[in-house]
Amino acid sequence: MNLLARFTSPNKLKERGIMGMNKRNHSYIGRYNDRSLYPLVDDKLKTKFIAQQAGATVPDLIGVIDSQGSVKKIHDMVKDWPGFVIKPAQGSGGKGILVIVKHKDGIYVKPSGAEINKQDVERHITNTLAGLFSLGGKNDVAMVENLIQFDNVFDGFSFEGVPDVRVIVFKGYPVMAMMRCSTSASDGKANLHQGAVGVGIDIASGKAVRAVQFNQPIEHHPDTDRLLSELQVPNWNKLLTLAASAWEMTGLGYMGTDMVLDKVKGPMVLELNARPGLAIQIANGCGLLPRLRHIENIGTSAHTPTPEERVAYAAHQFGVKPKF
């Protein structure tokens, strides 16, 4: 096969409504996101507080370690919690997240079964405080959160990690969604560039549309062999409404909302992102631009739609059929 035949042309991408990085940065992030609002989402601790103030469910905060002198307190902080997650408040791309599923007598067990000791945990927090995992390498704080007990309906769709749902929200309307399912290759992380599976999700129904790993279509989860076309997100309408309400929480016009489904507490806000990536288009097999332009053309009215009304509108406009 001719090597060039593996690549598409800019005109074909344009015809399919694929949005590139420059278009995203200038026409949507730059135009609709006031930079003064970035700290609300770049700092996960601030995001958690504004989400709680808005009545949204978030993972329990066990504690915060903000200085080197407090690092050794981690062991006492988590002694009554069976599992926990340590994450940098200003991290990005899944970097610096340490998940512990159980611990006893100073031995901490990761989702893969690998064991680390007290010094390993303290070293991870020290690196977090030094900004090793943070945006711009700035000094940071370590958040310690309760482990999410993801819903059993996702058994087999994710490997050694919690699947999350990324929803792109534009002017308060959910326009495109995907589930990110961890794999052995992604080391339990949900980031597509690290090898996680991206499953495009129909905005109208919460059902899987298409799935990719390393930008290539797949039908089965690479580790569990679970058929990905069977994936359907429960509580879909509630999850979308929570995502849509992030517009009121932050004032950001264009953002990515990362949600998880706890089997006890239901949909939760995990993170918000002012610069969401574009791989969601690959997972769904379609471009964002037609949907974004549709919302731009709605115009304004005397009545500001509620999150529920915006979700209903988006479901009617952007529903699609599976492409497996």
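Brief remarks on what is shown
- Annotation for segment 154-165: no member residue is polar (S, T, N, Q), buried (at least 24 other Cβ atoms within 10 Å of the Cβ) and either without any contact (Cβ under 8 Å) to a residue 60 or more places away in the chain or within 13 Å of Asp258 (Cβ to Cβ) (or both).
- Pair list, Cβ under 7 Å, 6 or more apart: segment 140-152 residue touching a residue at least 24 places away in the same chain (Cβ under 8 Å), other residue surrounded by fewer than 21 Cβ atoms within 10 Å (Cβ to Cβ) and of a type in the set (Asp, Glu): Val141/Asp66; Glu145/Asp60; Asn146/Asp60; Ile148/Asp262; Gln149/Asp262; Phe150/Asp262
- In the set Gly277, Gly287, only one residue is in a loop (DSSP other than H, G, I, E, B), open to solvent by less than 50 Å² (accessible area, probe 1.4 Å) and either assigned by the TED database to the domain that holds Gly93 or at pLDDT below 95 (or both); that residue is Gly277.
- Test: residue in segment 155-173 that is in contact with an Asp or Glu (Cβ under 8 Å, 6 or more places away or on another chain) and of a type in the set (Ser, Thr, Tyr): no
- Residue within segment 196-203 that is surrounded by 24 or more Cβ atoms within 10 Å (Cβ to Cβ), under 17 Å from the mean Cα position of the chain (by Cα) and at pLDDT below 95 present: yes
- Pick from segment 1-46, criterion of a type in the set (Asp, Glu) and part of a helix (DSSP H, G or I), ranking: modelled with the lowest pLDDT: Glu15
- Picking from residues in segment 62-84 that are open to solvent by less than 60 Å² (accessible area, probe 1.4 Å) and not in a helix (DSSP H, G or I), the one that is nearest to Lys138 (Cα to Cα) is Ser67.
- Flag if Ala243 is among the small types (Gly, Ala, Ser), open to solvent by less than 10 Å² (accessible area, probe 1.4 Å) and in contact with a Pro (Cβ under 6 Å, 6 or more places away or on another chain): yes
- For Lys138, the conditions (1) charged (D, E, K, R); (2) touching a Gly at 6+ places or on another chain (Cβ under 8 Å); (3) closer than 23 Å to Leu242 by Cα all hold with the exception of (3).
- Residue within segment 89-104 that is among the basic types (Lys, Arg), out of contact with any strand residue (DSSP E or B) (no Cβ under 8 Å at 6 or more places or on another chain) and at pLDDT below 90 present: no
- Subset of segment 167-195 (residues that are hydrophobic (A, V, I, L, M, F, W, C) and either open to solvent by 20 Å² or more (accessible area, probe 1.4 Å) or out of contact with any strand residue (DSSP E or B) (no Cβ under 7 Å at 6 or more places or on another chain) (or both)): Ala185, Leu192
- Among the residues of segment 206-217, those that are closer than 27 Å to Ala314 by Cβ and either touching a His at 6+ places or on another chain (Cβ under 7 Å) or open to solvent by 40 Å² or more (accessible area, probe 1.4 Å) (or both) comprise Lys207, Arg210, Asn215, Pro217.
The values are calculated or read from the model by the stated rules, or taken from the named source; none is laboratory data. Predicted model, so just to flag it, every value in this text is computed and none were measured. Cβ coordinates were reconstructed from backbone atoms using ideal geometry, including for glycine residues, and neighbour counts include every protein chain displayed. To get the accessible areas, we keep the full protein, side chains included, count just its heavy atoms, and leave off ligands, DNA and RNA. Shrake-Rupley method; radii C 1.70, N 1.55, O 1.52, S 1.80 Å.
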